[in-house]
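Taking it in order: structure first as structure tokens, then the write-up.
The values are calculated or read from the model by the stated rules, or taken from the named source; none is laboratory data. What you see is a predicted model; the values in this text were computed from it and never measured. Counting neighbours? That spans all protein chains shown, and the Cβs are built from the backbone with ideal geometry, glycine included.
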Amino acid sequence: MATVTITDVWKYYGKTMAVKDLNIDVRDNEFLCLLGPSGCGKSSTLRMIAGLEFISSGDIYFGDVRVNDVPPKDRDIAMVFENYALYPHKTVFENLANPLKFQKMNRADITERVEWAAEMLQISELLQRKPVELSGGQKQRTAIGRAIVREPKVFLFDEPIAHLDAKLRSHMRGELKHLQRRLETTTIYVTHDQLEGMTMADRIAVMHEGVLQQLGTPGDIYNHPVNEFVAGFVGEPPMNFLDCRIERVGDSVSLVNDNIKLVLGGDQVRRLEEKSAAGEVRLGIRPDDLSVEMGRDHGFAIDAKIFVTEPLGGDMLVDAELGKDRVTVKRKIAEMGQPGEPCGISLNIEKLHVFDRESGEAIF
Amino acid sequence: MAVNTIDSEPPELSAYRGVRRIDHTPHIFNNQPARYYLMWLLLPAILLLAAISLYPFVWLIYMSLHEVQLAPGKSDLWAGIDNFTRLFSDKSFARGWVTLFKYSALCLSVEITLGVLVAVILNNSRLEKLFITIFLMPMMMAPVVAGFLYMFLYNGTFGWYFWLLRSLGVLDGGSILGNKTWAMAGVVATDVWQWTPLIALITLAGLKRVPQEQLEANMVDGAGPLRNFFSVALPNLYPFLLIAILLRFMDNFRFIDTILIMTGGGPANATKILPTYLFDVSFKFFELGRGAAIAFTLLLLTILLGLALTKIFEDPTRKIKTSGTE
């Protein structure tokens, strides 16, 4: 039960800057996800919270206590590592019992706690095995078990399910979320997989090149990305981006390039004005907010050519060429169409995102 | 279905019905072309090895079963197992073993303790490379030279160590190598000086392979540095320590250079380990048959002890090796 407050934290490795001026408030019992591509500083941040890395400058608080100089063993945290970090010479039972032994708990209590955790993770039958005798998923459960046997202030997860196969990963996403809700413990979860962040977290902190880009609920991040990076990083398949310019004819304001002309609504025009945006911008639209119709007589506003179609079972992706640009459209499965054939595209103008071409900042 | 859950999980995923399986392996996978040419490539090495190690071994057995005659023209006399049975009543033989075990145990325990300590101190320090280079020097020295060096250092007239020990009041009188207790300590110290660096080097290599994540996980679990070393680093070092111990104990069982130079087995047989006794029997008394019998027992016990050691360390070794790779 604790809040974690990260204030003005910087991290250097020699002269390389890994984390820049980071400020995050993790609320009590919150599931916070640090999301970003590799090298974005998310793991460094987690390791500083764990006490495994020194903080170059700034402070980290657990509740009201500044923990900068507290060694990991006294921070009352539990951490799950990317490669599980099980002790190979110990059985599953001994692995789980390890943190309890350091707490000088008596034998009976240890056994009880370990059996409780093992039951929760469905590894009771494995307690006498050594880590080599476990499958990837079982190792991962053991690593989680070692974290939950005690009641730590904070759970730290460092890409715990990155090495599992896709099916098991999606299964574990549900289990982890369920576990966190049940144990009601503040959790910080590092991942590069936006899907894990979107599905599990209460809030997501998107990081890039050591800088916090956006901190918000999954809905916020998905629907109102603050810049082009966040917009492109979150969502699968990723958002489409098209270079456009703003054109004003009388009262109507539109986004124009060689292939498209989109007349903006009143709200959107107001926001363009607020940010005094003019000239070149970048338009962003998610594959779900585009529609596509095959054939010449599509009745849609924009003419395009099929580049490739990818069936996904129930849905399909259509990559279409708009002049030099290419966009991905997601729709219910229908006739496939061949590369080079004509098609028509329309956009849901309500769902448009517009970014400053220079800075990448979102205008709306 | 419930039985399945242990090995393939999560349970729900393995519970699909109607999975198609093919229960026989097509024959093409069994018909690997035989690679006979590999044998020809290996043959020269096998022959060379046979010539330099198998041939002497056969001779050793031959000699141990004969009364070997040195005078030209005389043929060896068949002795059966006489050479071996006589060893049972040979007090020097038994004492040789006891001294050898004492010597080897002393050397090993001091070398392992010191070597691991040095490796831990050196690991990740800035001067690591420099110190490794310095430490390697004694190891590069021929054991005979090390023997001479220490003999001079212990010398009662001009030896530094002798002077040092006398000045500190540790040594009352007499000489180091002339005193029964001190002589053993003296030869052990020489071995320790020369071979601790090897242990340190092997341990250092092992320390680099201790998974960082395990150490960190243990720290998060609540371990301080000392506990972390004993509960995570040390078990991960077992395979490396096994190599070090094997190497050193086998060396102890066959190297006689330093002892021969320093004490020749004396005073009063205090440092007469079995190999030195073997040297005396074979090359001072020229009883080559009996010498061969002693050598054979030495070889046999070295092999048995080697196997026993591997067995002791085997379990953790296997498990650490395979689990580290994933």
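Return yes when residue A:164 is of a type in the set (A, V, I, L, M) and part of a helix (DSSP H, G or I) and no when it is not. Can you show your working first?
Details: of a type in the set (A, V, I, L, M): yes; part of a helix (DSSP H, G or I): no.
No, not satisfied.
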Revision key, fill the gap. The residue that is farthest from the chain's Cα centre (by Cα), considering only those in region A:2-37 that are surrounded by fewer than 16 Cβ atoms within 10 Å (Cβ to Cβ) and on the phi > 0 side of the Ramachandran plot, is A:14
Revision key, fill the gap. Apart from one, (1) at pLDDT below 90; (2) of a type in the set (Val, Ile, Thr); (3) in contact with a strand residue (DSSP E or B) (Cβ under 7 Å, 6 or more places away or on another chain) all hold for residue A:308; the odd one out is (1)
Point to revise | Scan of region A:41-72 for residues that are touching a Ser or Thr at 6+ places or on another chain (Cβ under 8 Å) and within 12 Å of another protein chain (Cβ to nearest Cβ), ordered by number | key: A:53
Exercise for review: Please enumerate the residues belonging to region A:347-364 that are surrounded by fewer than 16 Cβ atoms within 10 Å (Cβ to Cβ) and farther than 18 Å from residue A:229 by Cβ.
Suggested key: A:348, A:349, A:350, A:351
Point to revise | Test for residue A:315: is it closer than 30 Å to residue A:251 by Cβ, at pLDDT 90 or above and either among the acidic types (Asp, Glu) or touching a Pro at 6+ places or on another chain (Cβ under 7 Å) (or both) | key: no
Review point. Hey, does region A:130-138 have a residue that's in contact (Cβ under 8 Å) with a residue 60 or more places away in the chain and closer than 24 Å to residue A:189 by Cβ?
Key: no
Exercise for review: With the condition kept exactly as written, say whether any residue in region B:94-108 is closer than 30 Å to residue B:188 by Cβ and among the β-branched types (Val, Ile, Thr).
Suggested key: yes
Check your understanding: Does region A:335-344 contain at least one residue that is touching a residue at least 24 places away in the same chain (Cβ under 8 Å), surrounded by 13 or more Cβ atoms within 10 Å (Cβ to Cβ) and under 30 Å from residue A:266 (Cβ atoms)?
Key -> yes
Exercise for review: Scan region B:154-176 for residues that are modelled with pLDDT of 85 or more, hydrophobic (A, V, I, L, M, F, W, C) and either surrounded by 15 or more Cβ atoms within 10 Å (Cβ to Cβ) or not in a helix (DSSP H, G or I) (or both) and report the count.
Suggested key: 4
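Of the residues that sit in region B:206-219 and are in a helix (DSSP H, G or I) and more than 8 Å from chain A (Cβ to nearest Cβ), which one is surrounded by the most Cβ atoms within 10 Å (Cβ to Cβ)?
Here is the first cut: in region B:206-219, the residues in a helix (DSSP H, G or I) are B:206-209, B:212-219.
Within this subset, residues satisfying the condition of being more than 8 Å from chain A (Cβ to nearest Cβ) are B:206-209, B:212, B:215.
Working: B:206: 22, B:207: 19, B:208: 10, B:209: 12, B:212: 11, B:215: 20.
My answer is B:206.
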Exercise for review: Confirm whether residue A:226 is of a type in the set (A, V, I, L, M, F, W, C), more than 21 Å from residue A:193 (Cα to Cα) and surrounded by 18 or more Cβ atoms within 10 Å (Cβ to Cβ).
Suggested key: no
Practice item. Report, by residue number, each residue of region A:118-143 that is aliphatic (A, V, I, L, M) and either part of a loop (DSSP other than H, G, I, E, B) or within 12 Å of another protein chain (Cβ to nearest Cβ) (or both). Key: A:121, A:123, A:126, A:127, A:132, A:134, A:143
Study note, to complete from the structure: Counted residues in region B:220-265 being assigned to a loop (DSSP other than H, G, I, E, B) and more than 12 Å from every other protein chain (Cβ to nearest Cβ) come to 7
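To keep it simple, each residue is scored yes or no on (1) modelled with pLDDT of 90 or more; (2) surrounded by fewer than 22 Cβ atoms within 10 Å (Cβ to Cβ); (3) touching a Pro at 6+ places or on another chain (Cβ under 8 Å); (4) more than 14 Å from every other protein chain (Cβ to nearest Cβ).
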{"residue": "A:39", "(1), (2), (3), (4)": "no, yes, no, yes"}
{"residue": "A:74", "(1), (2), (3), (4)": "yes, yes, no, no"}
{"residue": "A:98", "(1), (2), (3), (4)": "yes, no, no, no"}
{"residue": "A:116", "(1), (2), (3), (4)": "yes, yes, no, yes"}
